[in-house]
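K.L.:
Before anything else, here's the structure in question.
Just so it is clear, none of the values below were taken in a lab; they were calculated from the coordinates. These numbers were taken from a predicted model, which means no experiment stands behind them. Don't worry about glycine lacking a Cβ; one is built from the backbone with ideal geometry, like all the others, and counts go over all protein chains shown.
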Amino acid sequence: MYTQALDIPQQNTEAKGPRTIENPAYQAEFDAKIDAGGYIEAKDWMPESYRKTLVRQISQHAHSEIVGMLPEGNWITRAPTLKRKAILLAKVQDEGGHGLYLYAAAETLGVSRDELLDALHSGRAKYSSIFNYPTLTWADIGVVGWLVDGAAIMNQIPLCKCSYGPYARAMVRICKEESFHQRQGYDLLLTMMKGTEEQRDMVQDAVNRWWWPSIMMFGPHDKDSTHSAQSSRWGIKRISNDDLRQKFVDATVEQAKVLGVTMPDPELKWNEARGHYDFGAIDWDEFWNVVDGHGQGNVDRLAARVKAWDDGAWVREAALEYARKHDARDSRAA
Amino acid sequence: MTQQMTSPEHIEYVLRLGDNALILGQRLSEWCGHAPVLEEDMALANMSLDLIGQARMLLTHAGRLEGRGRDEDQLAFLRTEPNYRNLTLCELPNQDFGRTMVRNFLYSSFQKLLWERLMTSSDAELAAIAAKSIKEARYHAQHSGDWVIRLGDGTADSHARAQGALDYLWPYTAEFFATTPVDDAVAAAGVGPVWSELETAWEALVMPVLAEATLTVPARTPFRSYGKFGRHSEHMGHLLAEMQIMQRTYPGAQW
């Protein structure tokens with residue numbers, strides 16, 4: 001799962017960690033490496049603003065993975081068959097794994113997982129606002145796989161070649177798993193569409209609710225995107241928001257035909273001259289409302305993460321105390 | 001698959017194994033996204049997946065032995081409460097991470113012994129399932145045992161919570177070893193052990209870990225629970241209501 005939030009400012013992007021000493025010679029070397037399409041590694045010199053942008057982007061992505069466990073986790077205990085239960089549980093577990101790789105990638109930039117989680121829990125950091133939408137029926141599980149993971153893959157494939165090596169390598173692994181999730185989601189929907197009228201209605205209803213939020217995942221239009229130009233220069237962003245969105249719409253509309261569902265957009269039609277589908281205006285007020293905390297799930301999602309963290313405090317303290325006692329005993333014994 | 005020997009006791013014995021895995025797997029899946037650290041989210045999901053995998057194999061097998069055309073899902077989702085044969089321990093709410101880990105430790109230690117014995121079952125399918133499941137049970141016992149020690153011998157608070165969990169769960173372990181004619185019939189046919197025979201070996205596994213965890217093992221009391229005989233706790237109905245909702249609401253639908 002993934003974040004649209006690459007372009008979304010957060011209230012405090014000030015990450016702790018080492019400050020970079022600006023140096024024109026190092027800067028020239030860094031620029032040359034970027035221009036040549038090379039990778040920047042953790043120990044390489046990098047401009048402070050590059051490091052901060054990456055910390056913001058990677059941590060927003062990591063937070064999205066772990067918050068993204070919640071809407072799908074909502075259906076694990078109610079999955080209709082044991083096979084589907086196992087597939088869903090394995091998928092949500094994968095999202096947790098993605099969170100782990102991404103926090104580890106962010107840690108190479110000099111921030112700790114605890115600091116990043118604190119930013120999430122205190123509301124300073126953002127996560128993808130798609131996860132603030134509710135999963136109301138079992139069909140949502142299929143549609144989230146098909147549309148949300150589908151949009152995520154479109155966003156993420158260019159990141160496999162992003163300029164920061166640890167992030168690019170994490171993304172390669174994540175993309176493989178996401179493709180698998182998308183196929184599983186689509187398969188779930190195909191099965192439901194072959195079922196009863198009630199099941200088909202359930203799928204259409206889920207598509208109606210998730211279509212617009214999914215295409216919002218690509219972020220604001222290029223002309224309104226605050227970080228895009230600099231991120232493109234740095235090789236963190238390779239394809240623009242609007243281009244990715246168009247690619248997603250073109251691919252997904254064809255998949256919808258095979259499935260037998262329609263998108264809730266009367267203006268959606270093939271444009272022969274452009275060679276693409278045209279689509280209606282996106283309701284950016286809704287997008288910003290959800291980003292700014294007024295979506296249906298914002299309060300509950302964050303509260304669930306904070307509760308898990310707070311309820312687990314005694315367990316983490318116990319593990320540390322046990323280790324401390326045993327280190328002390330071991331050193332006495334030595 | 002043809003089975004040379006199928007008795008009602010044999011079917012019930014396999015169902016009991018399948019229901020243990022199903023119901024504890026269901027409980028552990030509730031943790032997904034809510035664990036104390038991300039690594040434990042992964043581990044709990046992993047153990048839940050192992051158990052659901054065991055349940056699928058065992059319930060499929062029980063359905064074939066039964067010969068009434070019921071598949072894993074019909075058995076998992078469409079029975080009434082008294083027809084589930086899991087140990088009461090498996091259906092108890094997770095409460096906190098401490099109780100979840102103490103339960104996993106008590107249960108998976110028992111499963112380790114059981115799968116070991118079932119590897120030589122006269123029921124070849126069951127023996128194959130045991131050979132796969134024992135590796136999982138070993139990991140579960142190791143993982144939960146490590147946590148029991150860390151929590152028991154951690155802070156004063158974690159010790160109190162781990163002790164509280166053990167005090168609460170311990171009486172339910174008597175049910176593991178309660179005698180039943182089902183076990184006698186199954187043992188006579190070479191399908192599997194009488195569970196009451198495993199008590200001494202189980203205590204030998206769990207006592208040293210509980211001692212290392214600085215926990216006090218409660219004395220046995222007259223308390224008895226009867227989940228494996230089909231008489232469950234109040235918690236079971238709620239678990240089933242949630243787990244069965246889709247199959248009950250949309251009878252006959254394919255998913």
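K.L.:
If I ask for residues that are exposed (fewer than 13 other Cβ atoms within 10 Å of the Cβ), among the hydroxyl-bearing types (Ser, Thr, Tyr) and assigned to a loop (DSSP other than H, G, I, E, B), which ones from the range A:19-59 would you list?
P.N.:
none
K.L.:
Take the range A:119-130 and flag every residue that is out of contact with any Pro (no Cβ under 6 Å at 6 or more places or on another chain) and in contact (Cβ under 8 Å) with a residue 40 or more places away in the chain.
P.N.:
Hits for the range A:119-130 are A:119, A:120, A:121, A:123, A:124, A:125, A:126, A:127, A:128, A:129.
K.L.:
State yes or no: is residue B:192 surrounded by fewer than 17 Cβ atoms within 10 Å (Cβ to Cβ) and either of a type outside the set (S, T, N, Q) or assigned to a helix (DSSP H, G or I) (or both)?
P.N.:
Spelling it out, it is not the case that residue B:192 is surrounded by fewer than 17 Cβ atoms within 10 Å (Cβ to Cβ) and either of a type outside the set (S, T, N, Q) or assigned to a helix (DSSP H, G or I) (or both).
K.L.:
For the range A:68-89, name all the residues that are assigned to a helix (DSSP H, G or I) and in contact (Cβ under 8 Å) with a residue 12 or more places away in the chain.
P.N.:
The answer is A:69, A:70, A:71, A:72, A:73, A:76, A:78, A:84, A:87, A:88, A:89.
K.L.:
While we're here: Among the residues of the range A:267-315, what is the count of those that are surrounded by fewer than 15 Cβ atoms within 10 Å (Cβ to Cβ), more than 21 Å from residue A:127 (Cβ to Cβ) and within 12 Å of chain B (Cβ to nearest Cβ)?
P.N.:
Here the count works out to 1.
K.L.:
Quick one: count up the residues across the range B:21-64 that are more than 17 Å from residue B:135 (Cβ to Cβ) and of a type in the set (S, T, N, Q).
P.N.:
3
K.L.:
Looking only at the range A:101-113, decide whether some residue is within 13 Å of another protein chain (Cβ to nearest Cβ), closer than 26 Å to residue A:42 by Cα, in contact with a Phe, Trp or Tyr (Cβ under 8 Å, 6 or more places away or on another chain) and of a type in the set (D, E, K, R).
P.N.:
Yes.
K.L.:
Return the total of residues in the range B:4-50 being facing another protein chain (nearest Cβ under 10 Å) and either closer than 19 Å to residue B:244 by Cα or without any contact (Cβ under 8 Å) to a residue 24 or more places away in the chain (or both).
P.N.:
Total satisfying the criteria: 20.
K.L.:
To continue, here is another question. Restricting attention to the range A:131-144, does a residue exist that is surrounded by fewer than 23 Cβ atoms within 10 Å (Cβ to Cβ), within 14 Å of chain B (Cβ to nearest Cβ) and free of Cβ contacts under 8 Å to residues at least 60 places away in the same chain?
P.N.:
No; the residues of the range A:131-144 include none that is surrounded by fewer than 23 Cβ atoms within 10 Å (Cβ to Cβ), within 14 Å of chain B (Cβ to nearest Cβ) and free of Cβ contacts under 8 Å to residues at least 60 places away in the same chain.
K.L.:
Residue A:158 passes all but one of (1) surrounded by fewer than 22 Cβ atoms within 10 Å (Cβ to Cβ); (2) outside any helix (DSSP H, G or I); (3) on the phi < 0 side of the Ramachandran plot; which number fails?
P.N.:
(2)
K.L.:
Please verify whether residue A:223 is surrounded by fewer than 18 Cβ atoms within 10 Å (Cβ to Cβ), of a type in the set (Lys, Arg) and within 11 Å of another protein chain (Cβ to nearest Cβ), treating the condition exactly as stated.
P.N.:
It is false that residue A:223 is surrounded by fewer than 18 Cβ atoms within 10 Å (Cβ to Cβ), of a type in the set (Lys, Arg) and within 11 Å of another protein chain (Cβ to nearest Cβ).
K.L.:
Next question, about the same structure. Look through A:127, A:164 and report the one residue that is touching a strand residue (DSSP E or B) at 6+ places or on another chain (Cβ under 6 Å) and surrounded by 24 or more Cβ atoms within 10 Å (Cβ to Cβ).
P.N.:
Exactly one of A:127, A:164 is touching a strand residue (DSSP E or B) at 6+ places or on another chain (Cβ under 6 Å) and surrounded by 24 or more Cβ atoms within 10 Å (Cβ to Cβ), namely A:164.
K.L.:
Quick check on my filter: what residues within the range B:205-252 are within 11 Å of chain A (Cβ to nearest Cβ) and touching a Ser or Thr at 6+ places or on another chain (Cβ under 6 Å)?
P.N.:
B:242
Per-residue answers, yes or no, for (1) within 30 Å of residue A:66 (Cα to Cα); (2) of a type outside the set (Phe, Trp, Tyr); (3) under 25 Å from the mean Cα position of the chain (by Cα):
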{"site": "A:256", "(1), (2), (3)": "yes, yes, yes"}
{"site": "A:267", "(1), (2), (3)": "no, yes, no"}
{"site": "A:287", "(1), (2), (3)": "yes, no, yes"}
{"site": "A:300", "(1), (2), (3)": "yes, yes, yes"}
{"site": "A:320", "(1), (2), (3)": "yes, yes, no"}
{"site": "A:328", "(1), (2), (3)": "no, yes, no"}
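K.L.:
Out of the residues in the range B:63-74 that are closer than 17 Å to residue A:81 by Cα and buried (at least 18 other Cβ atoms within 10 Å of the Cβ), state the one that is farthest from the other protein chains (Cβ to nearest Cβ).
P.N.:
The residue in question is B:63.
K.L.:
Considering only residues that are surrounded by 13 or more Cβ atoms within 10 Å (Cβ to Cβ) and over 28 Å from residue B:52 (Cα atoms), which ones fall in the range B:217-248?
P.N.:
Within the range B:217-248, B:217, B:218 qualify.
K.L.:
Name the helices (runs of 4 or more DSSP H) wholly inside the range B:85-187 in which the number of residues that are among the aliphatic types (A, V, I, L, M) and within 14 Å of chain A (Cβ to nearest Cβ) is 3 or more.
P.N.:
Where helices (runs of 4 or more DSSP H) fall fully within the range B:85-187 and carry at least 3 residues being among the aliphatic types (A, V, I, L, M) and within 14 Å of chain A (Cβ to nearest Cβ), they are B:124-152, B:156-169.
K.L.:
Given the structure, is residue B:81 within 11 Å of chain A (Cβ to nearest Cβ) and out of contact with any Ser or Thr (no Cβ under 6 Å at 6 or more places or on another chain)?
P.N.:
no
K.L.:
Right, something else. Restricting to the range B:131-189, name every residue that is under 22 Å from residue B:50 (Cα atoms) and acidic (Asp, Glu).
P.N.:
Listed by number, the residues that qualify are B:136, B:146.
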